[in-house]
Amino acid sequence: MLLLHGSGPGTTGSGAWSATAAALSQSWRVVAPDHAGFGRTPLPAGSRGGLRVWTEQAAGLMDALGIDTYAVVGHSMGGAVALALAAARPRNVTAVVGVAAMGAPGAPLSPDLDAVWGATPDRRGARDMLSRLFLDPAHVTEAAVEARAEAMRADASSFATMFPPPRERWAEDLTLSSRELSEVRVPVLLVHGAQDRLTPLRTAALPFLDHLPDVRLHVLGRCGHVPAVEHPDAFHRLLAQFLVP
C-alpha cells in the first residue's frame, strides 16, 4: 500500500500516516514517502514540483522497491497524485482511496487552502493552519502547534518555491482532465469530511462522481479535512473493508 500525503507546509509521509500505517501494517506492506520538496526528499534540480513530478516520483519509488502491484491512498494533493498514478500505471495500481482529494475538474482553489499554502512558518501560521484543517479545535493543541511550526520551518524554503502566489495555478496543475480520469479503471473510494473547508465536499468530491468509471463516496459527518486524524477508527475500517488484501 502506497500512502501519499497532502500539501500543507511541514507535512511528511510519517507525520501524516503513522497511525494509519500502524493500523494496517499487519495486513499490508506500507510505503509512506515524502513527496519531493517535503520532509527529507529534495526537489529535483530546477523543479518546482507539481503533479507530473510527484506522480513520476511515486511510480519510480515503487519500481525501485520492486513492488509490481499496489493500492494507493492519497490525502488532499496526494489524492490527485494517486489518481494520476492509477491513470498512468494501470497494470500496477490495483485500487485508489482519495481522502479529501484534490484533482476534480472545475474545482476552484478554496480560500482556506490558499491560506494554508500561504501560512507563515511560525507558531502563528501553524495555529492558523491547524484551525483550518480540523473541525474540532481540540486537535489544535500547544504541542501540535509547536510540532507543526518546527516542521514548517524545516521545509520553508522548498515550500515557498512550490506554492508562490498567485496560487490558483498550482490548484490547476493538480487538476486531472476528464480524459485522464476516464483512464482510471480500478475501483476508487473517496472519503470526505462533510465540513472540509480546504477541499469542500460539493466542489472537490462530487465532481469526481461524473468522471471516474468505478467510484464510490463515503462522507463522514462532523469532520474537516483530515479524516485519518479526526475519525481514525471509522477511517481505518473503511480502508480495511475496501482494500481487502
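The values are calculated or read from the model by the stated rules, or taken from the named source; none is laboratory data. Because the structure is predicted, anything quoted here is derived from the model rather than measured. Cβ: placed from backbone, ideal geometry, glycine included. Neighbour counts: every protein chain shown. Remember, those area values only see protein heavy atoms, side chains included, never the ligands or the DNA or RNA. Shrake-Rupley method; radii C 1.70, N 1.55, O 1.52, S 1.80 Å.
The convex hull built on the alpha-carbon positions of the chain has an orientation-averaged projected area of 11.7 nm². What is region 1-111 by shape, rounded, prolate or oblate, if you read a ≥ b ≥ c off the alpha carbon gyration tensor as root eigenvalues and call it rounded for a/c under 1.5, prolate for a/b larger than b/c, and oblate otherwise? The shape class here is rounded. When only Cα pairs below 8 angstrom with a gap of at least 6 residues are kept, the chain shows a relative contact order of 23 percent. Computed over the chain, the per-residue total of -39500 (n - 2.57) for DSSP H runs of n ≥ 4 gives a 222 nm mean residue ellipticity of -12000 deg cm²/dmol, rounded to 500.
GNM remark for the chain: springs join alpha carbons under 10 Å apart, and the peak mean-square fluctuation among ALA45, ALA126, ALA234 falls on ALA45.
Probing with 1.4 Å while keeping every protein chain in the model, the per residue accessible area of the chain equals 44 Å².
For the pair ARG237 and ARG169, a Förster radius of 30 Å applied to the C-beta separation gives a FRET efficiency near 0.20, rounded to the nearest 0.05.
Ordered by 1.4 Å accessible area with all protein chains kept, HIS236, HIS35, HIS231 run largest first as HIS231, HIS236, HIS35. Exposure check, 1.4 Å probe, all protein chains in place: GLU142 carries approximately 100 Å² of accessible surface. Each label point was placed 7 Å from the Cα along the Cα-to-Cβ direction; for ALA156 and ALA19 their separation is 2.9 nm.
Leaving out ligands, DNA and RNA, what percent of the accessible area of the chain is carbon and sulfur, probe 1.4 Å?
On the chain, the fraction of accessible area on carbon and sulfur atoms equals 52 percent.
FRET efficiency for the ASP122 to ARG222 pair, using the beta carbon distance and R₀ = 25 Å, is estimated at 0.25. Seen through its C-alpha gyration tensor, with square-root eigenvalues sorted a ≥ b ≥ c, region 147-245 comes out oblate because a/c lies at 1.5 or above while a/b is not bigger than b/c.
Please arrange VAL226, VAL191 by accessible surface area, largest first, computed with a 1.4 Å probe and ligands excluded.
VAL226, VAL191
Label point of ALA143 set 7 angstrom out along Cα-Cβ; within region 1-37, amide nitrogens under 15 Å from it belong to 19.
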